[in-house]
Structure formats: structure tokens, C-alpha cells
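Enquirer: Sharing a structure here in C-alpha cells format.
The values are calculated or read from the model by the stated rules, or taken from the named source; none is laboratory data. Note that the structure is predicted; figures quoted are calculated from it, not measured. As a convention, Cβ positions derive from the backbone with ideal geometry for all residues, glycine included, and neighbour counts pool all protein chains shown.
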Amino acid sequence: MGKCVCIIAEFRHGAFRRVSYEVASEGKRLADAMGVGLCAVAVGSGVADKAAELGRYGVDKVYVVDDPALENYLAESYVPAMADVVAKCDPSAVILPASVDGKDFSARLAARLKAGLAQDCIQVVCENGRIKAKRPIFAGKCFGWCEWAEGALPVISCRPNVMDCFAPAEDKKAEVEKVEVSIAPARSSVKSMDFDTSGKVELTEAEIIISGGRGMKGPENYALLEDMARVLGAAVGASRAAVDSGWRPHSDQVGQTGKVVNPNLYIAVGISGAIQHLAGMGSSKFIVAVNKDAEAPIFSKADYGVVEDLFNFVPAFTEEIKKLKSSCS
């Protein structure tokens, strides 16, 4: 058994992403069950100044690789640096986010470490000294448990917004150790990045998501959902049919070929409920479906259903929420 559970913290644009805290919390639960410590590896530009805050979520020590060349994620630069540091930690298990970058990175890291990878997991446990990870299979229609052979290193990527995050212990800081590694020259580079600065909530980290499908009838009608989202503090998503029609960008797509989301509340508006869409949002804590077709498959997955024309329901519902919030303020 290694001397610690090691988590990979995702540092982007000057801050740790929320999923890093979720992974740290899950790593701490696993480390306590195994009777070992929890360490973290953080790679990026300017990460050294922020690394100690991971201690608020149970991390004992953070190994940092801080270099301007690592400002943007490039597999050619990140993977060798991260693999070198993780190997030095001698971990019992490696846990990292199953984010867009994490899914790309985890497979490469596992290959370099000659480890066994379980991707997009929703639960990690230790039973009788053996690590097991639960993950959805067959488009989320069932679940499988992964175990590792004796002596194999588990590498586990965790689905964002699923693991319970600890309440931060504000007075605790992690020990930080800077590690010097050779940064491999990349054959590619990031020339510029176009960020959405409109203040919208990121889909994979949203507590509430309102998604529209083919029933929206056109891109101009998404203004109804945007209005509701502003009132609820929600993110707006879309089905594949809406994205393929050019009504919304691919970054808004929820589903098997889009983003997998796990909000506390998912409101599906004008979405029939194809299996590909259900695979992307089926693990939401509460699902509300709005559709005028009472036989739509989405109702079989929904906790609450509204059989109504969305163009009547959505504006009326939004107004009621506004009145309720106004009366409470």
C-alpha cells in the first residue's frame, strides 16, 4: 500500500475549480478509510500562491509545479510533469476530476503510470482494504463496480457535482512543496482563448439547469428560458436536437455526446427524453419535465411532470417565481 491517497487538483485561470474541492473531499473520505494521509498535486501558472487553500478540504500536503508554460492545459506539457510528481508521492490511489480536461488527462496519466483507470465514477469506497469504484454504464441504464488486481494502482476520475463536498475548514492550510520538473516543449500552443464573460453559470457546476429541446421551435424562444434562469440563478442547456438545429452552441448540449450534468434541479422544457439525453442528466437529484405530450419518455424519468404548452407555462411560472422572491425580500 502507498503512503497516501493522491488527488489531482484542477487549477484554471487563477483559481481551483469547484470540482477540485469535491475530489479532495472524496479523497479525504477514502484516505481516512484506508488509514493514510491525503496529498494533492497541482500544476499551473500561479498555482503556488493558492495551493495551501486545499487544506480546507482535508488535504495534508500539496506538491506544486508552478510554471508560466503551464498556464493553459496542453497534454504534451501537463501529463509528463504530473506523472513525475504523482510517481514520487507513492500513492495508494489517484483521484481526479472527470472534467473535459480531466477525461483527456486521466487516460494519458494512467498509461504513463501503468495503472488501471476507472472513468467518470460516482462513488468510491474501501472495503476490507480494497478500493472499489462505481460508474454508470450502458448510457446510464445501469451501474458497474470496478476493482483492481492486487498491486495495481487505481486511477479514478470522479464525475463533477456528484461527490459531497466538505464544509471548508477556514483555519486549516495544507503544507506546500514546490517540485522542479522538466517541462517538455510542446509541439502546439494556445494562441488565444475566448471566454464567455456574460456571467452565465457553467453547466457542469450548476445547481439548477433549465434545458430546452426541439419543442422550443426556434432560437429566439430561448429568451424564455434565459429569463427563468436569471430568476433562479440557473444555467441554460439544450438537447442535441436543438444544438444540431443551430439554436444553441455545442457548449450548451446536455447528453451522451454533450456534457454530463448532475444538478440538484434539472428542468427539461420541450424535451422528449431520448436515451442519449437521459444519459447526460439522469442522475440529477430532482427532474422536472414540461411537455405538452403526456406520453413523452421524459416523464418516465421525471420526479415532477407538467403536461402543458411550454409557451403558456414558462412565462407564467417565471412570473410566479418573481412574485415569490419579491414577497420574501
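Enquirer: Would you pick out the residues in region 68-83 that are over 12 Å from ALA42 (Cβ atoms) and of a type outside the set (S, T, N, Q)? Steps first, answer last, please.
Expert: First, the residues of region 68-83 that are over 12 Å from ALA42 (Cβ atoms): 68-69, 71-77, 79-80, 83.
Hits for region 68-83 are PRO68, ALA69, GLU71, TYR73, LEU74, ALA75, GLU76, VAL79, PRO80, ALA83.
Enquirer: Considering region 34-70 alone, what residues qualify as being outside any helix (DSSP H, G or I), without any contact (Cβ under 8 Å) to a residue 60 or more places away in the chain and not basic (Lys, Arg)?
Expert: Scanning region 34-70 gives GLY35, VAL36, GLY37, LEU38, CYS39, VAL41, ALA42, VAL43, GLY44, SER45, GLY46.
Enquirer: Hey, can you tell me all the residues within region 38-60 that are surrounded by fewer than 19 Cβ atoms within 10 Å (Cβ to Cβ) and over 19 Å from HIS13 (Cα atoms)?
Expert: Answer for region 38-60, where residues must be surrounded by fewer than 19 Cβ atoms within 10 Å (Cβ to Cβ) and over 19 Å from HIS13 (Cα atoms): ARG56, ASP60.
Enquirer: If you don't mind, there's one more thing I want to ask. Are there any pairs with C-beta distances below 6 angstrom linking a residue in region 220-244 that is farther than 23 Å from ALA274 by Cβ to a residue that is in a helix (DSSP H, G or I) and of a type in the set (Lys, Arg), with the two at least 6 apart or on different chains, and if so which?
Expert: Short answer, once both residue conditions are applied: VAL231/LYS322.
Enquirer: Mind checking which residues of region 281-306 are closer than 12 Å to GLY270 by Cα, among the aliphatic types (A, V, I, L, M) and under 31 Å from the mean Cα position of the chain (by Cα)?
Expert: Once the filter is applied, which keeps residues that are closer than 12 Å to GLY270 by Cα, among the aliphatic types (A, V, I, L, M) and under 31 Å from the mean Cα position of the chain (by Cα), region 281-306 yields VAL288, ALA289, VAL290, ALA296, ILE298, VAL306.
Enquirer: Can I ask one more? If I ask for residues that are out of contact with any Phe, Trp or Tyr (no Cβ under 9 Å at 6 or more places or on another chain) and hydrophobic (A, V, I, L, M, F, W, C), which ones from region 66-99 would you list?
Expert: Of everything in region 66-99, those that are out of contact with any Phe, Trp or Tyr (no Cβ under 9 Å at 6 or more places or on another chain) and hydrophobic (A, V, I, L, M, F, W, C) turn out to be ALA69, LEU74, ALA81, ALA83, ALA87, VAL94, ILE95, ALA98.
Enquirer: Right, something else. Looking at (1) of a type in the set (Lys, Arg); (2) under 27 Å from PHE11 (Cβ atoms); (3) out of contact with any Cys (no Cβ under 8 Å at 6 or more places or on another chain), find the lone condition where ARG130 falls short.
Expert: Single failed check for ARG130: (2).
Enquirer: Listed residues ILE287, ILE271, ILE321, ILE275; which is within 17 Å of VAL201 (Cβ to Cβ) and out of contact with any Cys (no Cβ under 8 Å at 6 or more places or on another chain)?
Expert: ILE321
Enquirer: Specify the residue that is modelled with the highest pLDDT; the eligible residues are those in region 1-23 that are over 13 Å from the mean Cα position of the chain (by Cα) and of a type in the set (Gly, Ala, Ser).
Expert: Kept after step one, since they are over 13 Å from the mean Cα position of the chain (by Cα), are these residues of region 1-23: 1-8, 11-15.
Among the residues that remain, those that are also of a type in the set (Gly, Ala, Ser) are: 2, 14-15.
Values: GLY2: 64, GLY14: 86, ALA15: 89.
Among residues in region 1-23 that are over 13 Å from the mean Cα position of the chain (by Cα) and of a type in the set (Gly, Ala, Ser), the one modelled with the highest pLDDT is ALA15.
Enquirer: Taking the options GLU207, GLU202, name whichever one is of a type in the set (Asp, Glu), touching a strand residue (DSSP E or B) at 6+ places or on another chain (Cβ under 8 Å), at pLDDT below 90 and under 30 Å from GLU71 (Cα atoms).
Expert: Unique residue meeting the criteria: GLU202.
Enquirer: Kindly provide the set of residues from region 177-192 that are part of a loop (DSSP other than H, G, I, E, B) and not small (Gly, Ala, Ser), ordered by number.
Expert: Here is the first cut: in region 177-192, the residues part of a loop (DSSP other than H, G, I, E, B) are 179-192.
VAL179, GLU180, VAL181, ILE183, PRO185, ARG187, VAL190, LYS191, listed by residue number.
Enquirer: Is there a residue being out of contact with any Phe, Trp or Tyr (no Cβ under 9 Å at 6 or more places or on another chain), among the small types (Gly, Ala, Ser), modelled with pLDDT of 95 or more and at negative phi anywhere in region 247-266?
Expert: Looking through region 247-266, none of the residues is out of contact with any Phe, Trp or Tyr (no Cβ under 9 Å at 6 or more places or on another chain), among the small types (Gly, Ala, Ser), modelled with pLDDT of 95 or more and at negative phi.
Enquirer: Which of the following residues is under 25 Å from VAL36 (Cα atoms), touching a residue at least 40 places away in the same chain (Cβ under 8 Å) and loosely packed, with under 14 Cβ neighbours inside 10 Å: VAL125, VAL176, VAL155, VAL162? Please lay out each step first, then the result.
Expert: Details: VAL176 fails: loosely packed, with under 14 Cβ neighbours inside 10 Å; VAL155 fails: loosely packed, with under 14 Cβ neighbours inside 10 Å; VAL162 fails: loosely packed, with under 14 Cβ neighbours inside 10 Å.
After ruling out the rest, the residue left standing is VAL125.
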